[in-house]
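Asks: Handing you a structure now.
The values are calculated or read from the model by the stated rules, or taken from the named source; none is laboratory data. Because the structure is predicted, anything quoted here is derived from the model rather than measured. Glycine also receives a Cβ, built like all others from the backbone with ideal geometry; neighbour counts cover every protein chain displayed.
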Amino acid sequence: MAGHVMKLQCLHNFLGRQAAPAPCLQQRLPDSEAQQGNRGRAHPAQLPATHKRCKQHTVAAAPERSDISTRQALHKPSSAQTAKTIVDIVAHGTLCTVGEDGVPLGTYTNYVLDDRGMPVLRLRADAVHTANLRRSPKCSLFVQPGDRPAKLLARCTIIGEVKQLDEESSLAAAERHEAMHPFGIGVDAPQDTDLYFSLHVHQCFYVGGMGANSAAELLSQEEYVAAVPDPLREHAAFLVEQQNQQRAEDVLRICSHACSVRIDEMEHAQLLWIDELGLYAYAKLIRQDGFVIRVPFLRPVTDERDARSTLTMLAQVAWEHERSYTPVMPELVGASS
């Protein structure tokens, strides 16, 4: 118990030392789009409508959105890490090859990742894109999540060239494909004549969907290869869904604290994404446009359980700030006076 209180006290003191948190404006989202649900890969339940809480009163001036703290702007995963995360959680994309006439051809493909996190493609031996790759191995693979909330996060295009795997590596790749994509039928059904190609990344064209400095950028091979996917990638969609459905008051309170406004000045709020360094949320004050904010964590979280604990503590600190409450440390038995 004492350890939990101390942990909470440290978080309370840390946030108390920060300047009043200013919202990180990432992008405006139409209310209809912000309220749409998400279907995660493992948890297809749709999110509810955006959580609302309204009162008739005089609304204080909105926080200055251009006043973005350095800590908020920097306390987020790198573009390379986010790109690696997107490629890891999606497992399908648009493969672009160059036709015999020099015209690019985009085709749907699924993929698995090798031990280095590089895409491995399974292609038909007689497919047009396979013939294109035999003439020129240069290609690109466009990847974007199809469902919210991950769809809002980012998209990327891997640029490089393919190399056909040898027989032993192809067998291992076939097993991974069967495990990752077990229900292929028709044109997607695996065949004994399928060929497997490893996509060697030369560059990655990344477009960030949320962030204080969202922009398109070209990542080098070294940046992409060295990046590590976010440890929460397999749980983020479900955490977002669960928090919005079951902890709506906490989400509203965290956002009001981050925006430096009272909770009754918030019209609604919705969690959009969570990673090891913080969360993105959509916040809307009464009679004002909605905006996306970045709320950083005190320290990186390590797994789903740690993320849940951190979200709970953020809500607790916001509640204490709302009531001007300072927790009192219990006197430990045997402590020296």
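Asks: Among (1) touching a residue at least 24 places away in the same chain (Cβ under 8 Å); (2) not in a helix (DSSP H, G or I), where does Gly102 come up short?
Replies: Gly102 satisfies every listed condition except (1).
Asks: Of all residues in region 133-154 being modelled with pLDDT of 95 or more and buried (at least 18 other Cβ atoms within 10 Å of the Cβ), which is nearest to Ala80 (Cα to Cα)?
Replies: The qualifying residue nearest to Ala80 (Cα to Cα) is Val143.
Asks: Are there any pairs with C-beta distances below 8 angstrom linking a residue in region 285-305 that is closer than 13 Å to Ala269 by Cα and touching a residue at least 24 places away in the same chain (Cβ under 8 Å) to a residue that is of a type in the set (Asp, Glu) and not in a strand (DSSP E or B), with the two at least 6 apart or on different chains, and if so which?
Replies: Leu285/Glu265; Ile286/Glu265; Gly290/Asp31
Asks: Next up: Listed residues Leu199, Leu171; which is within 24 Å of the chain's Cα centre (by Cα) and either farther than 15 Å from Leu95 by Cα or outside any helix (DSSP H, G or I) (or both)?
Replies: Of Leu199, Leu171, the one residue that is within 24 Å of the chain's Cα centre (by Cα) and either farther than 15 Å from Leu95 by Cα or outside any helix (DSSP H, G or I) (or both) is Leu199.
Asks: Which number in (1) acidic (Asp, Glu); (2) in a loop (DSSP other than H, G, I, E, B); (3) within 30 Å of Leu123 (Cβ to Cβ) marks the one condition that Glu223 misses?
Replies: Result: Glu223 fails condition (2) only.
Asks: Let me ask you something else. With the condition kept exactly as written, say whether any residue in region 132-144 is more than 30 Å from Val240 (Cβ to Cβ), touching a helix residue (DSSP H, G or I) at 6+ places or on another chain (Cβ under 9 Å) and in contact (Cβ under 8 Å) with a residue 40 or more places away in the chain.
Replies: So far as region 132-144 goes, yes, one or more of its residues are more than 30 Å from Val240 (Cβ to Cβ), touching a helix residue (DSSP H, G or I) at 6+ places or on another chain (Cβ under 9 Å) and in contact (Cβ under 8 Å) with a residue 40 or more places away in the chain.
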